[in-house]
1. Check the range 168-179 and report whether any residue there is in contact (Cβ under 8 Å) with a residue 40 or more places away in the chain and crowded, with 22+ Cβ neighbours inside 10 Å.
2. Looking at the range 37-73 only, could you name the residues that are free of Cβ contacts under 8 Å to residues at least 40 places away in the same chain and basic (K, R)?
3. From (1) in contact with a strand residue (DSSP E or B) (Cβ under 9 Å, 6 or more places away or on another chain); (2) over 27 Å from G296 (Cα atoms), pick out the condition that doesn't hold for L435.
4. Taking the condition in a helix (DSSP H, G or I), outside the structural domain of I95 (by TED's automatic domain parsing), of a type in the set (D, E, K, R) and more than 25 Å from the chain's Cα centre (by Cα), does D80 pass?
5. Look at V65 and say whether it is of a type in the set (V, I, T), within 16 Å of G335 (Cα to Cα) and not in a helix (DSSP H, G or I).
6. Tally the residues that are small (G, A, S) and assigned to a helix (DSSP H, G or I), restricting the search to the range 286-311.
7. Output the residue which, of all residues in the range 197-248 that are among the acidic types (D, E) and out of contact with any Asp or Glu (no Cβ under 6 Å at 6 or more places or on another chain), is surrounded by the most Cβ atoms within 10 Å (Cβ to Cβ).
8. Any residue in the range 18-32 that's under 24 Å from G234 (Cα atoms) and in contact (Cβ under 8 Å) with a residue 40 or more places away in the chain: show its pairings with residues that are surrounded by 11 or more Cβ atoms within 10 Å (Cβ to Cβ) and of a type outside the set (S, T, Y) at Cβ separation under 9 Å, as long as the two are six or more apart or on different chains.
Amino acid sequence: MDGNLKNDLSEVVANDKAHIWHHLMQHKMFETADPNIIVEGKGMRVWNQAGKEHLDAVSGGVWTVNVGYGRESIANAVRDQLVKMNYFAGSAGSIPAANFAKRLIEKMPGMSRAYFSNSGSEANEKGFKMIRQIAHKKYGGKKNKILYRERDYHGTTIATLAAGGQHERSAQYGPFPEGFISVPHCLEYREAAQDNLGQGESYGLRAANAIEDVILREGPDTVGGLILEPITAGGGVIVPPEGYWPRVQEICKKYNVLLMIDEVVCGLGRTGTWFGYQHYDIQPDIVTMAKGVASGYAAISLTVTTEEVFEQFKDASDHMGYFRDISTFGGCTAGPAAALENMRIIEEENLLENCQARGAQLIANLEALAEKHAIIGQVRGKGLFCGAELVTNRETREPAPEAKVQAVVKDCMAQGVIIGATNRSLPGFNNTLCLSPALICTAEDIDLITDAIDQALSRVFG
């Protein structure tokens, strides 16, 4: 980045400090420091206003840019579509929406219908509304409760916060709507905290059976849906234990509970399959997705359902019986145009296979670091979605202080590598480093990422 551009950006920085309200940031710090402005991106690298290069190991900060930066073919697809037809309300169709829905459903056996909106929070809200409307249409409104899991996260709206298992995310935003009930998390590493799971069975079955316990406590005739992430993301990158998912599916079928899978993070290749739930041989009723659908090149999210769910809203005899919902920008054609090209790139560049190979390397590298650094209590993940939980004592598994975990993130940033960590989410347990590099990453990229973590752990924890 040349000096003239830096001078030009000084005004941008001033405008940002004067007028931008940043996400998840305490702005008091900007009274004495400048915000970080990301100016350019190419492949796995981004550059800020000072011209400093960073290797991005979190795909845009929030697990989104799956195919990397600077994809001209996606930008061109969006440009061409917007010139031809940019928008019409979702009550009408569009060419890219119809074509992408077909391509998407082909990747999701058993699913049938796609409802477009423009954020993961919104996609999950649509799923909640479907479950609630079915409760009124079929069960006199009684089967309306929606279960969610501790540590899972489903969005920033009031309803999705009500269904969120990260208490620091929802703090100060209540009161919340009724009918959202928590079930225990499934992190075996923290089993000691799960006194209510009993003894005797495998942990996976016990964690799943805890969901049944909640259904029985609340009353099966009142529980209409269960929303889960296939792999808990911001709650600590938790891969469900063996036996968990088949038993969850069995419980949902037994009590006629709609199974809703939140694929906002895992969807479109993040774990090495098109969708995270596809690792577990289950058939959801509703699947939501957003982030990686278009790799951040346009806003798009979807709520995808089975034909059976869709059919329950086809009732011409009831003037209130259809899904009476709208997402204004679900009608923008940029999203599906970008998503079509994003999917083509994933297929033609064999990025699912690369995700599997580089993910195995990332896990191996992190496990090697665990041999060196006692501060790493457990490494877990699937594909290019990995975490390392930091503890001050491996025997007691006492979580490392959040401030020190964030110091590791800051140290890596200073080295030119952007990593993530659980933060301001789980009281006392914001202690997991989170990694989700783009699906295009190379073996060298993985080594650079873990080398930076190695150095940061040595400096922060000694």
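1. The answer is no, given that none of the residues of the range 168-179 is in contact (Cβ under 8 Å) with a residue 40 or more places away in the chain and crowded, with 22+ Cβ neighbours inside 10 Å.
2. Across the range 37-73, the qualifying residues are K42, R45.
3. (2)
4. no
5. It is true that V65 is of a type in the set (V, I, T), within 16 Å of G335 (Cα to Cα) and not in a helix (DSSP H, G or I).
6. Summing the residues that are small (G, A, S) and assigned to a helix (DSSP H, G or I) in the range 286-311 gives 1.
7. Checked the range 197-248; the qualifying residue surrounded by the most Cβ atoms within 10 Å (Cβ to Cβ) is E212.
8. Between residues of the range 18-32 that are under 24 Å from G234 (Cα atoms) and in contact (Cβ under 8 Å) with a residue 40 or more places away in the chain and residues that are surrounded by 11 or more Cβ atoms within 10 Å (Cβ to Cβ) and of a type outside the set (S, T, Y), the close pairs are L24/N423; L24/R424.
The values are calculated or read from the model by the stated rules, or taken from the named source; none is laboratory data. Being a predicted model, the structure only gives us computed values, none of them experimental. Cβ: placed from backbone, ideal geometry, glycine included. Neighbour counts: every protein chain shown.
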